[in-house]
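I have placed the structure first, in the form of C-alpha cells, so that the comments after it can refer back to it.
The values are calculated or read from the model by the stated rules, or taken from the named source; none is laboratory data. Model, not experiment: these values are computed from the prediction. Methodologically, a virtual Cβ is constructed for each residue, glycine included, from the backbone with ideal geometry; neighbour enumeration extends over all protein chains shown. Surface areas here come from the heavy atoms of the whole protein model, side chains and all, with no ligands, DNA or RNA. Shrake-Rupley method; radii C 1.70, N 1.55, O 1.52, S 1.80 Å.
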Amino acid sequence: MEKIVIGGGKRLSGELKVHGSKNSALPILAAAVLTTKPCVIHNCPRLTDVDAAIRILTYLGCKVEREDHTVVVDASGMERSDIPDHLMREMRSSVVFLGPILARMGKASLSTPGGCEIGLRPIDLHLSAMRQFGVEIQEEHGRLECICPGQMNGAKIALSFPSVGATENIMLAAATAQGRTVLVNAAREPEISDLADFLNGCGARIHGAGEGTIVINGVKSLSATEHTVIPDRITAATYMTAAAVTHGHLTLRDIIPAHLGPVIPVMEEAGCDISICARDLTISAPPRLRRVHTVRTMPYPGFPTDAQAPVMAMTSIADGTSVIIENIFESRYKHVSELHRLGAHIKVEGRVAVVEGVPFLSGAPVVAPDLRGGSSLVIAGLSAHGTTEITGVRHIDRGYEKIEESLQNIGAQIKRVICDEPEDDF
Ligand code: EPZ
C-alpha cells in the first residue's frame, strides 16, 4: 500500500501545467465507440479513472493505443455490448458508456453503477431519457438489460436536474439517432461543451452545448477526429488552494480562466490576488487568509462541488468563520472528520458546514475518504505544522496526475512511500 507523507509549512511558488480534464476525457473516450474510424485524443490525463475507461474500451473490442498523453481509439472491431460488474465497479461513472453502446450496438448490458463515497448517485434521469429514445430497459439482478428494437429516435427531453452525466449520455445517444433531439435544462459544465466539440469534430450536429438547451440533429454515421481535451478546472482550483494555504505565489499554465469563473471570486474573497494573462493564471496569497462568507455548490456556472473539499481545507486556517453549503451531493463531507484530526474546527449540520478558522493545523495520520476529500487532506497537510501521512492514496490518483511530483516542483516537502500497513478503507 502507498501513502503520501507531507512536511507542512513550506511556501509554494513557481509554475505548473494543469493536466487534461478527467471529467472531459471520460465521456470523450466513451464517445469514441460511436465511430468505426480511429479517433486521436490529446491531453488525455494519466489517471486511474482513465485507465479504467480504457479497460472498458478494450473489453468491448476496441483497439486502444496510448503514447504519453495521447490516446488513439479504433472502435472498428467493437463486438461486445456489455460491461462486466468488475469493470463497472472500478468506476461508477462508466454509466456514460450506456448511450454510446446503445447507439452503436442497439443493445447494452451494464451493472447498475451503485453509489459511492459521496452519495447514492442514482441514474434515473439517464434511464428515463434512454426510454424516450425508444430503449427498453429491464433492471434485474443488479444489471441493466437494455435493447432498442428499432432505430433510436430523437426526442424532446427535459431534465428535472441539470445532470452532467445524463446530459452526456443523451448527447451520445442522440448524435446518431433518427431525427432531432431537444434537451432542456441541460448541464452547462465546460466538459459538456468539450464533448460536443469532439462529437461535432466527428461530424455530429450539436448546437447549444454550454447553454441550458441543446439541440442535436442526428446524423447517419460519424467519422474520425483529432481532439485536445480541455484542462482540468478542478485540478486547477485545487492547486490554487495549495498556493493559498502556504502564502504562496503560483502560476498555472495553459488553463482556461473562464472555466474558473465561479472559483476566482472565492479565492479573492479569501484575500488572494489573482491575475490572468491569456491562458495563464497567477495567484498570490496573503500571510493570513480571510474567511469566505458563504460558498454554495451549484451546477455550472455556480461554484463546483468538486472544489468544495479543497476550499474547505483552505478556509479551515482562515481568519474568521466560513460557511459552506453542499447542494449537489448528499454526503460529500466525509473529509471533515479527517480535517478534525488535523485540528480543524468544523461543524456540519446536514448540507451546511460551518468552518471556524484556526491559526494553524497540526500534522497527523489521516485517511482519504474519496477523491476530492483526499485532495483536501493534501491541501491541509501542506499548511499543517509537522508531518501529515495520508493513506487511501488510490482515491487521489483517480483524479490528480502525479500529485506529489507536481507539488514537489513548486516547493512542497511531499513524497509517496510504500508502506506495509493494510489499505485503510474509510
Ligand atoms: C459529474 O458526476 C462528475 N463526474 C462529478 O465529478 C461532479 O461532481 C458532478 O458531475 C457534478 O458536477 C464526471 O464527470 C465523471 P450529476 P455526475 O449527474 O454526472 C443527481 C469528481 O470528483 N442525479 O450532475 O454523476 C445526483 O444524485 C466527480 O470528479 C440524479 O438524481 O453528476 C447528484 O445529486 C465526483 N439522477 C446530482 O444529480 C440522475 O439520473 C448531480 O449529479 C443523475 C444525477
Check: Expressed as an acute angle from 0 to 90° and rounded to the nearest 10, what is the orientation of the C-alpha long axis of helix 190-201 relative to the principal long axis of the chain?
Finding: 30 degrees
Margin query: Going by Cα centres, the range 252-296 and the range 123-158 are how many Å apart?
Written below: 41 Å
Check: Where in the range 379-400 does the amide nitrogen come within less than 20 Å of the point 7 Å from the Cα of Val358, taken along Cα to Cβ?
Finding: 379-391
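What 222 nm value per residue comes from the helices of the chain, counting each DSSP H run with n ≥ 4 as -39,500 (n - 2.57) and dividing by all residues, nearest 500 deg cm²/dmol?
Calculated mean residue ellipticity at 222 nm is -8500 deg cm²/dmol.
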Notebook entry, point to check: Label points 7 Å out from Cα along the Cβ direction at Lys347 and Glu67: separation in nm?
Noted result: 5.9 nm
Check: At a Förster distance of 45 Å, what's the computed FRET efficiency of Glu15 paired with Thr36, Cβ-Cβ distance as r, to 0.05?
Finding: 0.60
Note to self: Run the simple label-point estimate for Glu330 and Glu226 please: 7 Å along Cα→C-beta, distance reported in nm.
What the structure shows: 4.7 nm
Next item on the list: Any chance you could run the full-extension gain for Arg288 through Arg180? It's 0.36 nm times the residue separation minus the Cα-Cα distance, nm to one decimal.
Entry: 33.5 nm
Notebook entry, point to check: Lysine pairs in the chain 8 or more apart or on different chains: how many have alpha carbons under 16 angstrom apart?
Noted result: 9
Margin query: With the crude spin-label approximation of a point 7 Å out along Cα→Cβ, what separation in nm comes out for Lys156 versus Arg205?
Written below: 1.9 nm
Check: If you roll a 1.4 Å probe over the range 22-228 with all protein chains in place, what percent of the accessible area is carbon or sulfur?
Finding: 48 percent
Checklist line | Length released on extending from Asp280 to Glu405, taking residue separation times 0.36 nm less the Cα-Cα span | finding: 43.0 nm
Note to self: What are the ³J(HN,Hα) couplings of the range 150-166, residue after residue, when phi is run through the Karplus curve with 6.51, -1.76, 1.60 and θ = phi - 60°? Round to Hz, x for glycine and proline.
What the structure shows: x, 6, 5, 9, x, 8, 9, 10, 10, 7, 6, 9, x, 5, 4, x, 5
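If you roll a 1.4 Å probe over the heavy atoms of the protein chains, what accessible area per residue do you get for the range 22-228, in Å²?
With the other protein chains kept in place, the range 22-228 gives 38 Å² per residue.
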Checklist line | Thr294 long-range amide H proximity, modeled H, under 5 Å | finding: Val323
Check: Going highest first, how would you order 115-125, 283-293 by mean Cβ packing within 10 Å?
Finding: 283-293, 115-125
Next item on the list: Apply the Karplus parameterisation 6.51 cos²θ - 1.76 cosθ + 1.60, with θ equal to phi minus 60°, to every residue of the range 58-65 and state each ³J(HN,Hα) to the nearest whole Hz, in sequence, with x for glycine and proline.
Entry: 5, 4, 5, x, 7, 9, 10, 10
